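This report refers to the structure that appears directly beneath it.
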Amino acid sequence: MVPGDIEDYAAAGGEVFVFAMVISWILTSAFNPDVLKRNALKDRVGYNNLCVAWDTFPAKFIAAPLFVVIIWLNIRFMQLDFWRASMTEGLSKTQWRAVYWSNSLSVLSWIGSILIFVIDANEAPIAHSAAFLQLVVFGYCAFFMNFVETPPMYHPRGACVFLCVYALVSTLFGVFVCIQLYAFDPGRIVESEIEKARGPIPWYVCASADYAWFCCLVLQGFMRPRAPSVRAQYALISDDDFIVRSCTAVRPMGIGKNTLASSSFTFMDTE
């Protein structure tokens, strides 16, 4: 990837996500392995989600701060992507509004996702899962909007197929998990056979949709359409308590391909 691409923020968010997940599994396996054998979410869906390891301590001490970094990286990407859409020639008002609302809702979605570390999975598994599942919905919408704001000529080969598969996987994953969460009935447990309390979806079907969704996350970076980068220029201006009298030599502060970030050199004096 070219240093400075807007998409680097999204890619970095994914890399930190994987790092947090790996660290969480190592810590939970070492210090709290019983959680992986039996937990409220596994009771309901029949398997361990890849994120289950950071639902408990000590992994939560590491994963939660890292997730804040993930949130910031994705919000920054949404911000820059919106700026890019606003400067893109030929974009209709309908397209602009679609990108605006999709990116705005995605930002709120990422902010709300921190609740997965606030709401305990064992005490409120449905609310905990909802904090994650909403990210599945709005994450797909934001990714889809990348194709709305770019001409088809810049879409990677196979992008339409990937969008359809990604949509199908996201939908099935969300529907399967919701069914299992709401259908779980502890009253049906007989002689500690937890399987009798679960919903109608076999665990391996739900797990397949779950893991397929994570695979789609990995493929996002390869299937995202090609798009221009953004370059911002900064200048010092006068305000209520300071007057800039001299000319300002402004250098571009780049977020884009083949653009070097540099500071601006300015000569100024006060009134």
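Tabulated data for the structure shown
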quantity: Accessible carbon and sulfur surface of segment 1-149 relative to its total accessible area, %, 1.4 Å; calculated: 70 percent
quantity: Top of Ser92, Ser24, Ser229 by mean-square fluctuation, Gaussian network on the chain, Cα under 10 Å; calculated: Ser92
quantity: Helix 125-148 axis, angle to the chain major axis (alpha carbon atoms, nearest 10°); calculated: 40 degrees
quantity: Value of D in µm² per second that Stokes-Einstein yields for segment 53-150, Kirkwood Rh from Cα pairs, at 25 °C (0.890 mPa s); calculated: 169 µm²/s
quantity: The chain: angle of helix 7-31 to the longest principal axis, Cα-based, in degrees nearest 10; calculated: 40 degrees
quantity: Of Arg231, Arg84, Arg198, the one that fluctuates the most in a GNM where the chain has Cα springs shorter than 10 Å; calculated: Arg231
quantity: In degrees, nearest ten, helix 159-183 long axis to first principal axis of the chain (Cα); calculated: 40 degrees
quantity: For segment 57-72, 3J(HN,Hα) per residue [Karplus equation, 6.51 cos²θ - 1.76 cosθ + 1.60, θ = phi - 60°, Hz, x = Gly/Pro]; calculated: 8, x, 4, 4, 4, 8, 5, 4, x, 5, 5, 4, 5, 4, 4, 4
quantity: Extended-chain gain in nm, criterion 0.36 nm per residue less alpha-carbon gap, Ser238 and Ala30; calculated: 69.1 nm
quantity: Share of alpha-carbon pairs per 10 Å distance bin for the chain, given as whole %; calculated: 6, 24, 28, 20, 12, 6, 3, 1, 0
quantity: Order of exposure, largest accessible area first, which applies to Tyr140, Tyr204 with probe 1.4 Å; calculated: Tyr204, Tyr140
quantity: Amide H contacts of Arg231 (H built 1.01 Å from N, under 5 Å, at least 5 apart or other chain); calculated: Ile255
quantity: FRET efficiency, 1/(1 + (r/R0)^6) with R0 41 Å, evaluated for Trp101 and Lys37 via beta carbons; calculated: 0.45
quantity: Vicinal HN-Hα couplings computed from phi for segment 82-91 (Karplus, 6.51 cos²θ - 1.76 cosθ + 1.60; Hz; Gly/Pro x); calculated: 5, 4, 4, 5, 5, 9, 6, 6, x, 7
quantity: Calculated P(r) of segment 98-193 - Cα pairs past 15 Å, %; calculated: 69 percent
quantity: Surface accessible to a 1.4 Å probe, per residue, for the residues of segment 47-154, Å²; calculated: 47 Å²
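The values are calculated or read from the model by the stated rules, or taken from the named source; none is laboratory data. Predicted, not measured: the structure shown is a model, and the values here were computed from it. Heads up, the Cβs are rebuilt from the backbone with ideal geometry, glycines too, and the neighbour counts pull from every protein chain shown. The accessibility values were calculated without ligands, DNA or RNA, using every heavy atom of the protein model including side chains. Shrake-Rupley method; radii C 1.70, N 1.55, O 1.52, S 1.80 Å.
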